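Accompanying notes for the structure given below.
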Amino acid sequence: MQVHREAAAHDRAFARAGRELTSARIATTGEDAAWDDLVQATGRAHILQTKGWAHAKALTGWRAERYVLGGGGVAQVLIRPLRFGLVFAYCPRGPLATGPLADAIAALRVALARYCCVALLCDPEVPDSADLLRAVGHAGARLAPVYVQPRRTLLLNAQIDPDLLLAAMRKKTRQYIRKAERAGVMTEETDDLARFHRLLRVVGERDRFAVHSLEYLERLREGLGDRLHVLMARIGSEDVGALMLARMGERAWELYGGWSGTHAEERPFYLLKWRAIQRMRALGVERYDMWGLSDPPRSGEALPRGQVLDLVASRLGLRARGTVDPLAGVTEFKLGFGGDVVTWMGALEVPVRRLLYPLWQLAGRRRLARSAA
């Protein structure tokens with residue numbers, strides 16, 4: 001009982017502090033209508049914070065709430081019902097804080113406390129910094145034992161001159177791109193999601209990972225519109241590679257894709273990725289995000305049972321089979337294109353209702369984290 005009283009007192013003090021530091025209020029009708037513009041205005045825009053992404057996630061049981069934070073920050077929070085009237089909250093690649101991240105997390109925790117919300121999971125793109133981790137710790141956040149989005153990624157400057165981009169690649173990568181061109185591999189952009197989905201299912205069945213439904217991809221296109229791009233590679237009439245990308249502002253992200261496993265000698269996926277980079281460059285994209293690399297554990301930290309590796313592999317449709325690290329091959333493939341390896345802090349978990357938090361720890365934390373991907 002003493003522990004419970006102390007936790008309740010901490011929550012009341014935290015709520016007062018949150019109101020003093022900053023605020024998080026539900027977006028007005030007008031703000032909701034212009035949500036993606038607000039996301040862009042933060043200077044930290046991410047496709048997972050757009051209305052279009054939430055539109056697709058609604059198909060899998062997630063409801064979006066959009067918050068405007070003090071100082072111009074924003075946060076799209078996905079809410080998932082649990083049993084007994086409880087809910088879980090996930091803020092993908094957010095909050096997009098324009099001030100201290102700890103203040104934004106504190107404000108969201110206060111706002112979500114009006115529900116029977118057991119916990120908030122968030123994974124903002126912030127540096128992997130011990131000082132920052134201590135700061136968000138004062139807001140009740142700590143590193144989560146689960147991951148939804150990858151902690152490490154590869155960012156490539158797509159606006160560099162193409163010849164310089166090629167020169168910065170590994171020699172083998174350049175050779176394979178040229179080999180695919182000589183072999184007659186054709187690439188094209190398409191609106192045919194069924195065609196894309198057919199190839200993705202082939203990859204999923206081969207490498208044994210779950211693939212989103214065609215309906216989910218259609219909802220993603222409904223939500224993102226012309227910001228969603230699908231590129232295919234083929235040899236003759238046979239589709240051998242597929243890649244889906246989304247863009248927002250000066251950044252683009254690889255979402256889903258894969259290689260059919262046929263015509264390995266022609267190296268079709270190397271050319272497809274190169275053509276995707278060129279296409280995004282033509283659309284004004286500067287930062288091309290390859291979405292995820294192998295994530296070695298922090299010092300003294302055990303690898304989280306392959307969680308991040310499995311999730312990223314399923315997102316990309318690629319897997320290095322028979323290795324300890326299932327993303328080893330994928331990582332080597334990506335690194336061949338050059339660019340900068342970036343490491344974010346990772347997922348943060350925030351108890352919202354401390355008395356209910358043990359239920360979250362025991363009843364589905366990992367399952368729900370997977371469903372949020």
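Please indicate, with yes or no, whether at least one residue in the range 122-135 is among the basic types (Lys, Arg) and exposed (fewer than 15 other Cβ atoms within 10 Å of the Cβ).
Filtering the range 122-135 for residues among the basic types (Lys, Arg) gives 134.
Imposing the further condition that a residue be exposed (fewer than 15 other Cβ atoms within 10 Å of the Cβ) reduces the set to 134.
Yes, that holds for at least one residue.
For residue 316, indicate whether it is surrounded by 17 or more Cβ atoms within 10 Å (Cβ to Cβ) and either at pLDDT below 90 or of a type in the set (Val, Ile, Thr) (or both).
Working: surrounded by 17 or more Cβ atoms within 10 Å (Cβ to Cβ): yes; either at pLDDT below 90 or of a type in the set (Val, Ile, Thr) (or both): yes.
Yes; evaluated as a whole, the condition is true for this residue.
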Exercise. Tell me which residues, restricted to the range 224-256, are surrounded by fewer than 20 Cβ atoms within 10 Å (Cβ to Cβ) and outside any strand (DSSP E or B).
Key: 225, 226, 227, 236, 237, 249, 250
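Of 142, 152, 109, which residue is among the basic types (Lys, Arg) and either crowded, with 24+ Cβ neighbours inside 10 Å or in contact with a Cys (Cβ under 7 Å, 6 or more places away or on another chain) (or both)? Steps first, please.
Details: 142 fails: either crowded, with 24+ Cβ neighbours inside 10 Å or in contact with a Cys (Cβ under 7 Å, 6 or more places away or on another chain) (or both); 152 fails: either crowded, with 24+ Cβ neighbours inside 10 Å or in contact with a Cys (Cβ under 7 Å, 6 or more places away or on another chain) (or both).
Only one candidate qualifies: 109.
Can you tell me which residues in the range 62-76 are at pLDDT 95 or above and over 14 Å from the mean Cα position of the chain (by Cα)? Steps first, answer last, please.
To start, the set of residues in the range 62-76 that are at pLDDT 95 or above comprises 62-69, 73-76.
62, 63, 64, 65, 66, 67, 68, 69, 73, 74, 75 - these are the residues of the range 62-76 that are at pLDDT 95 or above and over 14 Å from the mean Cα position of the chain (by Cα).
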Quiz item: Out of all the residues in the range 73-97, which are out of contact with any strand residue (DSSP E or B) (no Cβ under 7 Å at 6 or more places or on another chain) and over 21 Å from residue 141 (Cβ atoms)?
Solution: 83, 84, 85
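Looking at the structure I just gave you, is residue 118 of a type outside the set (D, E, K, R) and either surrounded by fewer than 16 Cβ atoms within 10 Å (Cβ to Cβ) or at pLDDT 95 or above (or both)?
Values: of a type outside the set (D, E, K, R): yes; either surrounded by fewer than 16 Cβ atoms within 10 Å (Cβ to Cβ) or at pLDDT 95 or above (or both): no.
For residue 118, the condition - of a type outside the set (D, E, K, R) and either surrounded by fewer than 16 Cβ atoms within 10 Å (Cβ to Cβ) or at pLDDT 95 or above (or both) - is not met.
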Quiz item: Mind checking whether some residue in the range 98-106 is within 20 Å of residue 48 (Cα to Cα), in contact with a Lys or Arg (Cβ under 9 Å, 6 or more places away or on another chain) and of a type outside the set (D, E, K, R)?
Solution: yes
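Return yes or no: is residue 159 surrounded by fewer than 16 Cβ atoms within 10 Å (Cβ to Cβ) and in contact with an Asp or Glu (Cβ under 6 Å, 6 or more places away or on another chain)? Let's see the steps before the verdict.
Working: surrounded by fewer than 16 Cβ atoms within 10 Å (Cβ to Cβ): yes; in contact with an Asp or Glu (Cβ under 6 Å, 6 or more places away or on another chain): yes.
Criteria met by residue 159.
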Practice problem: Mind listing just one residue for me: the one in the range 26-68 that is over 14 Å from residue 94 (Cβ atoms) and charged (D, E, K, R) and, of those, surrounded by the most Cβ atoms within 10 Å (Cβ to Cβ)? | Solution: 31
Quiz item: Would you pick out the residues in the range 77-101 that are under 21 Å from the mean Cα position of the chain (by Cα) and not in a loop (DSSP other than H, G, I, E, B)?
Solution: 77, 78, 79, 80, 88, 89, 90, 91, 96, 101
Quiz prompt | Residues located in the range 5-52, provided they are in a helix (DSSP H, G or I), modelled with pLDDT under 95 and not hydrophobic (A, V, I, L, M, F, W, C) | solution = 5, 6, 10, 11, 12, 16, 18, 19, 20
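Pick out the one residue from 71, 94 that is over 30 Å from residue 256 (Cα atoms) and either in the same structural domain as residue 140 (by TED's automatic domain parsing) or surrounded by fewer than 17 Cβ atoms within 10 Å (Cβ to Cβ) (or both).
On the way: 94 fails: over 30 Å from residue 256 (Cα atoms).
Exactly one of 71, 94 is over 30 Å from residue 256 (Cα atoms) and either in the same structural domain as residue 140 (by TED's automatic domain parsing) or surrounded by fewer than 17 Cβ atoms within 10 Å (Cβ to Cβ) (or both), namely 71.
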Quiz prompt | Long-range neighbours under 7 Å by Cβ, at least six apart or interchain, first residue under 17 Å from residue 155 (Cβ atoms) within the range 264-283, second part of a helix (DSSP H, G or I) | solution = 274/177; 278/162
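The values are calculated or read from the model by the stated rules, or taken from the named source; none is laboratory data. What you see is a predicted model; the values in this text were computed from it and never measured. Neighbour counts run over all protein chains shown; Cβ positions are idealised from the backbone, glycine included.
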